[in-house]
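To start, the structure itself, in structure tokens.
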Amino acid sequence: MSQRPEVRIESLHVADFVHPDESPLAGRAGIVMAYAVVHPDGVLLFDTGIGFGNEEIERAYRPAVRHLPGMLRARGIAPDDVVAIINSHLHFDHCGQNVAFPGRPIHVQATEHAAAGAIDYTIPAWVDFPGARYERHSGDVDLLPGVRLLATPGHTPGHQSLLVDSRAGRTLIVGQAVYTRAEWAGSDDPSLSGRASAWDPEAYDASVARLRALTPDVVQVGHDR
């Protein structure tokens, strides 16, 4: 444990939204979380939430979006200290403010980056923008000492999660590999579980089992505080 880095993780409630009419959860409120991993070698951002200015998203989801660089400053983190972005996946509500950090490497699975080119998969301008710099991976990869990307497909073809082993213990930031804390605790209620809407439910199950086997001390999810 003493050899693990000193890392703190800041939870950032970056947006609120309303599930659209075509969703099984139509009319229900939702939230979007991002996470800042403050490491001795720099700050990593896990997801960046919903972006600004897209009329279709504004109309369908009625989002209340918070400016991520400002949120970082409020936590004592200089946006210039962000050395990389990790997107769990490239749906619009997880990559929308990547554009606020041009030039930073954006770590994604290669299969996810390919999938994002499909019609209606995401908001293209929030994925491909001036200064976008993608690092495409095929599977797990170590990013910094004690910080490892984990391929966790299921919700999307190239979904990924983040494992942080620090002096404080083992933290999993799972993105949308698990939808809510209740699902992690074992609930299969469709309003609390992401399995029913997963791109590949069997891959989803395998990824959840893999994450559980890591026996984390803390689990952070993308749509639940």
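No lab work stands behind these numbers, since they all come straight from the coordinates. All of these numbers come straight from a predicted model, not from anything done at the bench. Note: ideal-geometry Cβ built from the backbone for every residue, glycine included; neighbour counts use all protein chains shown.
In terms of packing, defined here as the mean over residues of other Cβ atoms within 10 angstrom, the peptides 109-119, 181-191, 66-76, 164-174 line up highest first as 164-174, 109-119, 66-76, 181-191. With θ taken as phi - 60° and the Karplus curve 6.51 cos²θ - 1.76 cosθ + 1.60 applied, the whole-hertz 3J(HN,Hα) list for the range 167-176 is 4, 7, x, 9, 10, 10, 9, 9, x, 10 Hz, x standing for glycine and proline.
List the relative contact order of the chain as a percent without decimals, with contacts defined as Cα pairs under 8 Å and 6+ residues apart.
18
Which ³J(HN,Hα) values, rounded to whole Hz and listed in residue order, are derived for the range 6-18 from phi using the Karplus coefficients 6.51, -1.76 and 1.60 in 6.51 cos²θ - 1.76 cosθ + 1.60 with θ = phi - 60°, glycine and proline given as x? So the Karplus estimates, Gly and Pro as x, are 7, 10, 10, 10, 9, 8, 10, 7, 8, 6, 10, 8, 10 Hz. Taken over the alpha carbons of the range 156-225 as equal point scatterers, the Debye sum produces base-10 log I(q)/I(0) values at 0.11 Å⁻¹ of -0.24.
At most 16 other Cβ atoms within 10 Å and a DSSP loop assignment: could you name the GluC sites (Glu not before Pro) in the range 1-107 that fit? Sparse-neighbourhood loop GluC sites (Glu not before Pro): 6, 22.
Looking at (1) 19.5; (2) 20.3; (3) 17.5, which value of Kirkwood radius over Cα pairs in Å comes from a calculation on the structure shown? Label of the calculated value: (3).
Using Cβ point charges alone (K and R +1, D and E -1), the dipole size of the range 8-221 about the Cα centre works out to roughly 620 debye. By DSSP, the beta bridges lying fully in the chain are antiparallel in about 65 percent of cases.
Each residue, residue 188 and residue 80, gets one label point 7 Å from its Cα in the Cβ direction; the gap between the two is 5.3 nm. Taken over the range 1-74, the convex hull of the Cα atoms encloses 111 Å³ per residue.
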